[in-house]
Amino acid sequence: MSKLIINVQTGETKERELNKAEKDQQKIDEANIAKKEIEAEAKAIAKAALLTQLGITAEQAKLLLS
Amino acid sequence: MTKARDLANAGTALGAVSATELAFVDGVTSAIQTQIDAKAPSSTAVTLTGTQTLTNKTLTSPVIASVVNNTLTSTTGDMIYASAANTPARLGIGSSAQVLTVAGGIPSWATASSGGMTLISETVASGLSSLSLSSIAGTFKQLVLIWCGVYHSDNSSTFSIRFNNDSTASAYCNNAMTGSGSTNFNSGAIDDTFIVGNGASFTIYPFGQSVNNSTSYFPTMAQGFMTIDNYASTSKVKNFQTNFGYYKNAGTTGYANVQMIGQWKNISAITSIDVVRIGGSGTFTNATDASIRLYGVS
C-alpha cells in the first residue's frame, strides 16, 4: 500500500503508506468499478442472448447496423 | 602697361622680351608674387592624396546625400536601421541566442521562445500502489504524460489517473472510442471520479486492468500518452486528450484500446497528476527500459 510522491520541481521523493482518506477512497473506487464490471458483463450476456435469439452472429449484426 | 609697350618697342636692351610676352602682364594691378603666394596650397586645401575634412560640400555626380556615420557601429555586431524616415540609428548587438524581432515598428533583439518540450520528471515505478507527480509548476502551456511497459503484480487490480487527486463525483468527463478484442468497437461518454474509457460495453483504464504481463512484449503492458491543455489556468476547465491500451488477462480478455477526449471539470490549476489504484490490491511496475515521463510544453 505504498504511495510514491515525487516533487517534480526538486526531484525529492517520499514514499509512504496510504492514509485513511486515501484508503477510504480506494474502497469507494473499488465499489465503483465493480459495478461497472457487473454492468458490462450483463450487457455482454444480454447481447449474446439477443444474437442467439435472432440467430445471427455479431458480425452479421454489425452488418445490419452499418 | 603703356610704358611696357614703349619698352618693347625700344628694341634694344629688351630685345629678348617680345611684345607678346609683355602682353601677358597686361592688366596686372598689384604685385604678381603676392598674388601667386595667395594662391599657393595651404594646410586646408584639398589635394588628391592628402587627408582633409570637407564641410558642407555637395557631390553632384554621383550624388551622396547623407553619409551614415560610422560611430553608429561602435561595437562588433552592431547594426544600423532607420529609427524614422532617413534617420539612421544604431541597434547594439544582442545577447547570445537572442533573435531579431520587431516591436513597435522597429527591430530589436529578443530572447527566442523555446517552443519545445521539457522533461519535468521521469519515474521508473516499482511495486507502487499509487504515484503522485506533485508540485508541478505552472510555467508551461501544456503537460504531456507518457507511459509504457506498466504491468501489475496480479490480474485483479485496476489503475487510473486523477488530477490533484480529485475524486469528486463526476469530476471527469470521459468521451471515448474504445476497442476490445478483435471485433468490438464502441464509443460512449461517462462522467466519473477518475479518467476511464467507457464504451457501450466495456471500460478501459489508463494504467490498465488485469495487466499481469511482465513479459518483454510491450503491447501487452499498459501504455499511453495524455496531453493536458491550459493546465495552469485558474479560470477554465482542463481539456485532455489521451490514447492508451493494454492486454487484459481477466474477465473479457484481450487487447483493450482507447482513444478519448475529456475534461476535468475544475478551474484549479493542475499541480499534481496521480496514478491511483481504484480496484484490487496489487501494485504496478515499469518493465525494464520503460518509464513514466512528464513533459512540459512551452
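The values are calculated or read from the model by the stated rules, or taken from the named source; none is laboratory data. Just so it is clear, the structure is predicted and the values come from calculations on it, not from any experiment. Cβ placement follows ideal geometry from the backbone for every residue including glycine, while neighbour counts extend to all protein chains displayed.
Quick test for you: out of B:Thr203, B:Thr253, B:Thr215, pick the one residue that is modelled with pLDDT under 95, hydroxyl-bearing (Ser, Thr, Tyr) and buried (at least 22 other Cβ atoms within 10 Å of the Cβ).
Values: B:Thr253 fails: buried (at least 22 other Cβ atoms within 10 Å of the Cβ); B:Thr215 fails: buried (at least 22 other Cβ atoms within 10 Å of the Cβ).
Being modelled with pLDDT under 95, hydroxyl-bearing (Ser, Thr, Tyr) and buried (at least 22 other Cβ atoms within 10 Å of the Cβ) holds for just one of B:Thr203, B:Thr253, B:Thr215, which is B:Thr203.
Of these, B:Ser272, B:Ser268, B:Ser291, which one is facing chain A (nearest Cβ under 10 Å), modelled with pLDDT of 95 or more and either within 30 Å of the chain's Cα centre (by Cα) or buried (at least 20 other Cβ atoms within 10 Å of the Cβ) (or both)? Give the derivation first.
Values: B:Ser268 fails: facing chain A (nearest Cβ under 10 Å); B:Ser291 fails: facing chain A (nearest Cβ under 10 Å).
None of the others qualify; the one that does is B:Ser272.
Checking the structure you have, find out if any residue of region B:229-245 is assigned to a loop (DSSP other than H, G, I, E, B), within 14 Å of another protein chain (Cβ to nearest Cβ), of a type in the set (S, T, N, Q) and within 25 Å of B:Glu122 (Cβ to Cβ). Working first, answer last.
Within region B:229-245, the subset assigned to a loop (DSSP other than H, G, I, E, B) is B:230-237.
Okay, now just the ones that are also within 14 Å of another protein chain (Cβ to nearest Cβ), so B:231-232.
So of that shortlist, the ones also of a type in the set (S, T, N, Q) come out as none.
Scanning region B:229-245, I find no residue that is assigned to a loop (DSSP other than H, G, I, E, B), within 14 Å of another protein chain (Cβ to nearest Cβ), of a type in the set (S, T, N, Q) and within 25 Å of B:Glu122 (Cβ to Cβ), so the answer is no.
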- Query: When A:Thr10 is evaluated against the numbered criteria (1) more than 10 Å from chain B (Cβ to nearest Cβ); (2) exposed (fewer than 12 other Cβ atoms within 10 Å of the Cβ); (3) farther than 20 Å from B:Asn198 by Cβ, which criterion, by number, is the only one it fails?
  - Reply: (1)
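Looking only at strands (runs of 3 or more DSSP E) that lie completely in region B:253-298, which have at least 1 residues being under 30 Å from A:Thr10 (Cα atoms) and of a type in the set (Ser, Thr, Tyr)? Quick ask: steps written out before the conclusion?
Working: elements: B:254-264, B:273-279, B:284-286, B:292-297.
Of the strands (runs of 3 or more DSSP E) lying wholly inside region B:253-298, those with at least 1 residues that are under 30 Å from A:Thr10 (Cα atoms) and of a type in the set (Ser, Thr, Tyr) span B:284-286, B:292-297.
Only one residue in B:Thr215, B:Thr193, B:Thr203, B:Thr252 is over 26 Å from A:Glu22 (Cα atoms), within 12 Å of another protein chain (Cβ to nearest Cβ) and not hydrophobic (A, V, I, L, M, F, W, C). Which one? Spell out how you get there, then give the answer.
On the way: B:Thr215 fails: within 12 Å of another protein chain (Cβ to nearest Cβ); B:Thr193 fails: over 26 Å from A:Glu22 (Cα atoms); B:Thr203 fails: over 26 Å from A:Glu22 (Cα atoms).
Criteria check complete, one pass: B:Thr252.
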- Looking at region B:241-298, which of its residues are among the basic types (Lys, Arg) and touching a helix residue (DSSP H, G or I) at 6+ places or on another chain (Cβ under 7 Å)? B:Arg277
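Applying the selection to region B:142-166, what residues are outside any strand (DSSP E or B), surrounded by fewer than 23 Cβ atoms within 10 Å (Cβ to Cβ) and in contact with a strand residue (DSSP E or B) (Cβ under 8 Å, 6 or more places away or on another chain)? Don't jump to the end; show me each part of the working.
Within region B:142-166, the first condition is being outside any strand (DSSP E or B), and the residues that meet it are B:153-157, B:164-166.
Still in the list and also surrounded by fewer than 23 Cβ atoms within 10 Å (Cβ to Cβ): B:153-156, B:164-166.
Across region B:142-166, the qualifying residues are B:Ser153, B:Ser156, B:Asn164, B:Asn165, B:Asp166.
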- Qualifying residues in region A:23-66 (those that are out of contact with any helix residue (DSSP H, G or I) (no Cβ under 9 Å at 6 or more places or on another chain), farther than 19 Å from B:Gln209 by Cα and among the β-branched types (Val, Ile, Thr)) - the one farthest from the other protein chains (Cβ to nearest Cβ): A:Thr52
- Are there any pairs with C-beta distances below 9 angstrom linking a residue in region A:26-50 that is within 15 Å of B:Ala169 (Cβ to Cβ) to a residue that is of a type in the set (Ser, Thr, Tyr) and modelled with pLDDT under 90, with the two at least 6 apart or on different chains, and if so which? A:Ile33/B:Thr203; A:Lys36/B:Thr203
- Does B:Ala137 count as modelled with pLDDT of 95 or more, part of a loop (DSSP other than H, G, I, E, B), closer than 26 Å to B:Gly279 by Cα and within 14 Å of chain A (Cβ to nearest Cβ)? no
- Determine which single condition A:Thr57 fails, assuming it passes every other condition in (1) in contact with a Gly (Cβ under 6 Å, 6 or more places away or on another chain); (2) more than 22 Å from B:Ile161 (Cβ to Cβ). (1)
